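Asker: My questions will all concern the structure given below.
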Amino acid sequence: MGPIAQTISRLYGTKGWIAIGAAAFVLFVLVPVLNLAVPATHPLYVSTFLVTLSGKIMCYAIVALAMDLIWGFAGILSLGHGLFFALGGYAMGMHLMREIGREGQYQSDLPDFMVFLDWKELPWQWWNSDQFWWAALLVLAVPGLLAFGFGYLAFRSRIKGVYFAIITQALTFAAMLLFFRNETGFGGNNGFTDFKRLLGFDVTAPETRVVLFAVTGATMLGVLLLGRWLVTSKFGRVLAAIRDAESRIMFCGYNTLHYKLSIWTLSAVLCGIAGALYVPQVGIINPSEMSPANSIEIAIWVAVGGRGTLVGAIVGAGIVNAAKSVFTVVFPEYWLYFLGLLFILVTLFLPNGVVGLLKSRRRAVG
Amino acid sequence: MAAALDAALVGKLAFGTNNEKIAAIRMLVAQGEVAAVPLLTALAEGELQTAGERVLIVRDEIATDAVTGAAVTPLPEEREDVIANNRVRGAIANAVAGLRLLSPQRELRFEAAQKLLRGIKPGMLPLVKGALTKETDAEIKSILERVAATIQVKSGDKNSRIEAIRTLADSHSAGTPALLESILQKRKDGTFVEPDAEIRRAVTESLDAVQKRLAWGERAGLLFAGVSLGSILLLAALGLAITYGLMGVINLAHGELIMIGAYATYVVQNLFRAHAPGAFDAYLLAAVPAAFAASALVGMALERSVIRFLYGRPLETLLATWGISLMLIQGVRTFFGAQNVQVENPSWMSGGIELVANVVLPWNRIVIIGFAALVVIAIGLLLARTRLGLFVRGVTQNRPMASCVGVPTARVDTLAFGLGSGVAGLAGCALSQIGNVGPDLGQAYIVDSFMVVVFGGVGQLIGTVVAALSLGFVNKILEAWSGAVIAKIAVLMFIVLFIQKRPQGLFALKGRAVEA
């Protein structure tokens, strides 16, 4: 076997690869055809609303994958991942605001909210934001650098467990307060919305939506494979050792700081990418994405699906968010009861999540 | 409609020349005729008409007699409009603003006083002085005092001006320095706006005195605000210091236990209002144990049903208690509605002590500071002197050993958790007296409370006290300097960095801590 074939068989078995192939077929062929080529009256037609909703949920799935990498495999629970997601979203949102051009309400070169605040020119944060490549760079760099700096300080002084969780929560809370201010230069309470174009394409057109959907799906599958590749490597085994017995692995001569810092930064960057894909599909980004509640919800997606199983992260994000979409429409007042109960029941009775449950059943059967 | 107006004045308003009209308006103001406001507005808006000798206010084809206020039916056929020119309209605008000062509605008076402050007219002095003698609201009174002082300081003969300037030295109003400084201004060519050197000297002296006093007042106010915020943080964090600090349980539903305490206070208040309105002022005394009991019971139920299965799994506890908090929030929304509810201060808690100059210390804040001190002392005694406290400390320090010597650890856990939750309820009771009570009340305090406990160090009450007070101070000082949001962010960032340097917090338990 060549090295590539070896890697392929290391990641997933035959069944796994078939499942991924099937997912790819659905994401890249079936849904686009059913949305674009099938007439709206046909029973098999997939509405653009559904495409966008699934795209949104897949963005959440990417975040859940990123969370699973640090929580499930390195034992670091972050309650601030919504911050990295929102930062990626804001970086992309800035560019989308600039692409509106003069079609805003005030027909100005500046984004509407700046005209409203009577600003005469773009603040420094917006430098070069009309260039897509710059926006793409920010999407990766801002969450990455912030996570690197924060993680370096935290992991160096061996902050972990609950303490780490609480200070990440404080971090995202502080950032939310900061972004709520108009003076910060990102639209205050309202954030960014009313996007018109992305790379010259109309963001509301079904074709653009389908492309965004497919790109999100490709990213999700890519992140899944990347994560699988990481956790099955030696690096991944050291991470698991850190999760299970950090002192012991340190006495074995590993510098855990490097391992934790790399996976933590990677996780933040993945969240940033998810945020950047999320904003053009949902059409709005505002500071409430940074609220501590949102970040805690990410943890429950992973817990529902199953910690330490990458597929579980996708399953969990899918189940919880699909349920949320149904509940908030059909009986909005019961959604929080359901979500709260989910938190309690999953932690009490389902420590390995849905995927863990399925696995143990399969094992029990044969 | 109020009592009849002076018919001669109304006649002058309707039939007189412009000068006579303005004189009549001034007379009405000088007499403080609040009832003239509709008449004057009608004149300004062209709704005043005359039919022979009678003066009518005609609005939407319905006429009322301007003097008596009685309805006039049928509408007389022959009517003439009373014309008001710009000068008359200006006089009316001023007069209406002045007369509103005497209105029984607080908002109208407040608005009118502020309007006066923006456009001060010397002729208003008698009216303002008259209003001052009747005014009871402290805020409006201070505005009116400024108006009166401004008029007196800037006009009249030299001696009365100097006297007015001297009296301003004792002024309690925050606007006084600006007023005095305006007299000292120079023109572009370097000469003073105020030519009289004696007056200028009097102004400088008064200004010095006022500024010195205001500076002290501000410092004292800042100190008080810091202690006040600190006491609130302390109350909010104290329960957490027990459940997290002593027991190691990460209870993200802590904020909701605070909220339950606030709602318990609300329920007690409503019960008193409905069944014992005479004893309404005492409701708070009954609300304190009720809030404690409500939150303690909820807390104990949570401990028995969920949390005890998760001891030793802090991250899972965190998620489960978050779920509990969501359900509690939604539960309160279902029972009490999503809107904020009204909790009224008992009368003995409203108002405040005027310390110096512009600084008023509200009673409700003072009571809360005292209450927080009492709660801390009670908890300290409970932990240090009682059998339960001994058990709690024993279980905290060495659970298996405590169990071996016969401490019922499971029961101690439940009771300690109930105690921490009950203290959260007390915090809710206190918070209901100074802020809004709504389902989201607890969310606002959860991050802050954790910061206090983590900053103070886990396992010792003194750490929590010091941390809460110092964070309160730092927050208020930064707030005065950079604004509330930036102050809050700065404090959060400070704590985040502080924990990196000293993860055990300000006060750490001494001993051989082992990695958990």
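Any read-out appearing in this document is the output of simple, stated calculations on the displayed coordinates, not a laboratory observation. Since the structure is predicted, the reported quantities are computational estimates derived from the model, not experimental observations. Using ideal geometry, Cβ is built from the backbone for each residue, glycine included, and neighbour counts are taken over all protein chains shown.
Asker: Per residue of A:344-351, what is the mean number of Cβ atoms on other protein chains within 10 angstrom of that residue's Cβ?
Answerer: If you average over the peptide's residues, the count of other-chain Cβ atoms is 5.
Asker: For chain A, give the magnitude of the charge dipole about the Cα centre (Cβ charges: +1 Lys/Arg, -1 Asp/Glu; no others), in debye to the nearest 20.
Answerer: 1800 debye
Asker: Additional query: Give me the distance in nm between label points sitting 7 Å out from Cα along the Cα-to-Cβ direction at A:Leu36 and B:Thr204, one decimal.
Answerer: 8.2 nm
Asker: Of A:Gly93, A:Gly272, A:Gly21, which has the largest mean-square fluctuation in a 10 Å C-alpha GNM of chain A?
Answerer: A:Gly21
Asker: Please compute P(r) over all alpha-carbon pairs of chain B, binned at 20 Å starting from zero, and give each bin as a whole-number percent.
Answerer: Taking all Cα pairs of chain B, the binned fractions are 18, 35, 28, 16, 3, 0 percent.
Asker: If I build a Gaussian network model for chain A, linking alpha-carbon pairs within less than 10 angstrom, which residue out of A:Leu11, A:Leu140, A:Leu310 has the largest mean-square fluctuation?
Answerer: A:Leu11
Asker: Return the distance in nm (one decimal) between the two label points of a simple spin-label model at A:Ala218 and A:Lys359, each offset 7 Å from Cα along Cα→Cβ.
Answerer: 3.1 nm
Asker: Still on this structure, please answer the following. For A:167-175, what's the mean count of beta carbons from other chains sitting within 10 Å of each residue's beta carbon?
Answerer: Taking all residues of A:167-175 together, the mean is 6.
Asker: Which residue, A:Ala91, A:Ala276, A:Ala245, tops the fluctuation ranking in a GNM of chain A built on C-alpha contacts under 10 Å?
Answerer: Of A:Ala91, A:Ala276, A:Ala245, the most mobile in the Gaussian network model is A:Ala245.
Asker: Given R₀ = 51 Å, what would the calculated FRET efficiency be for A:Ser47 paired with B:Ser305, taking r from the Cβ atoms and rounding to 0.05?
Answerer: 0.75
Asker: Return a whole-number percent for the relative contact order of chain B, with Cα pairs under 8 Å and 6 or more residues apart as the contact set.
Answerer: Dividing the mean separation by the residue count of chain B yields 16 percent.
Asker: Mind scanning B:Lys129/B:Lys212; B:Lys12/B:Lys158; A:Lys120/A:Lys196 and naming the pairs with a C-alpha gap bigger than 32 Å? Could the numbers behind the result be given before it?
Answerer: Working: B:Lys129/B:Lys212 28 Å; B:Lys12/B:Lys158 36 Å; A:Lys120/A:Lys196 23 Å.
Table pairs above 32 Å Cα-Cα are B:Lys12/B:Lys158.
Asker: Consider a paramagnetic label point 7 Å from the Cα of A:Phe116 along Cα→Cβ; state which residues of the stretch A:159-192 have an amide N under 17 Å from it.
Answerer: Zone members listed by number: A:179-192.
Asker: OK, next. Using only Cα atoms, what Kirkwood radius does the protein assembly as shown have, in angstroms?
Answerer: 32.4 Å
Asker: Which translational diffusion coefficient, to the nearest whole µm²/s, is obtained for the stretch B:7-164 from the Stokes-Einstein equation, given a Kirkwood hydrodynamic radius over C-alpha pairs, 20 °C and 1.002 mPa s?
Answerer: The Stokes-Einstein estimate is 129 µm²/s.
Asker: Could you tell me how many degrees, from 0 to 90 and to the nearest 10, lie between the Cα long axis of helix B:125-134 and the main elongation axis, the longest principal axis, of the Cα atoms of chain B?
Answerer: Its long axis makes an angle of about 40 degrees.
Asker: Could you pull out the longest piece of chain B with no exposed loop GluC sites (Glu not before Pro) in it, calling a site exposed if DSSP puts it outside H, G, I, E, B and it has at most 16 other Cβ atoms within 10 Å? Don't skip to the answer; put the middle values down first.
Answerer: On the way: sites that count: B:Glu45, B:Glu53, B:Glu61, B:Glu77, B:Glu78, B:Glu344, B:Glu515.
With a cap of 16 other Cβ atoms within 10 Å, the longest stretch comes to B:79-343.
Asker: Still on this structure, please answer the following. Over chain A, with a single point scatterer placed on each C-alpha, what log10 of the ratio I(q)/I(0) does the Debye formula yield at q = 0.07 1/Å?
Answerer: The calculated log intensity ratios at q = 0.07 Å⁻¹ are -0.32.
Asker: Would you mind ranking A:Lys359, B:Lys186 by Cβ crowding within 10 Å, fewest neighbours first?
Answerer: B:Lys186, A:Lys359
Asker: Another question, then. As a footprinting exposure proxy, order A:Ile8, B:Ile353, B:Ile140, B:Ile486 by other Cβ within 10 Å, with the fewest listed first.
Answerer: B:Ile353, A:Ile8, B:Ile486, B:Ile140
Asker: Given points 7 Å out from each Cα along the Cα-Cβ axis, report the B:Gln185 to B:Asp170 separation in nanometres with one decimal.
Answerer: Going by the 7 Å Cα→Cβ label model, 2.9 nm.
Asker: For chain B, take the longest principal axis of its alpha carbons; what is the angle in degrees between that and the long axis of helix B:283-305, to the nearest 10 within 0 to 90?
Answerer: Approximately 40 degrees, to the nearest ten.
Asker: If packing is taken as the average count of other Cβ atoms within 10 Å, what order do A:338-347, A:175-184 fall into, highest mean first?
Answerer: A:338-347, A:175-184
Asker: Could you list B:Cys404, B:Cys429 so that the one with the fewest beta carbons within 10 Å of its beta carbon is first and the one with the most is last? It would help to have the intermediate numbers written out before the result.
Answerer: Numbers: B:Cys404 9, B:Cys429 30.
The order, fewest Cβ neighbours first, is B:Cys404, B:Cys429.
Asker: For B:323-335, what's the mean count of beta carbons from other chains sitting within 10 Å of each residue's beta carbon?
Answerer: Values: counts 14, 4, 5, 13, 8, 2, 3, 8, 3, 0, 2, 4, 0.
Per residue, the number of nearby Cβ atoms from other chains is 5 on average.
Asker: Moving on. How much length would be gained if the chain were fully extended between B:Gln397 and B:Arg333, taking 0.36 nm per residue of separation minus their Cα-Cα distance, in nm to one decimal?
Answerer: Taking B:Gln397 through B:Arg333 to full extension adds about 19.1 nm, to one decimal.
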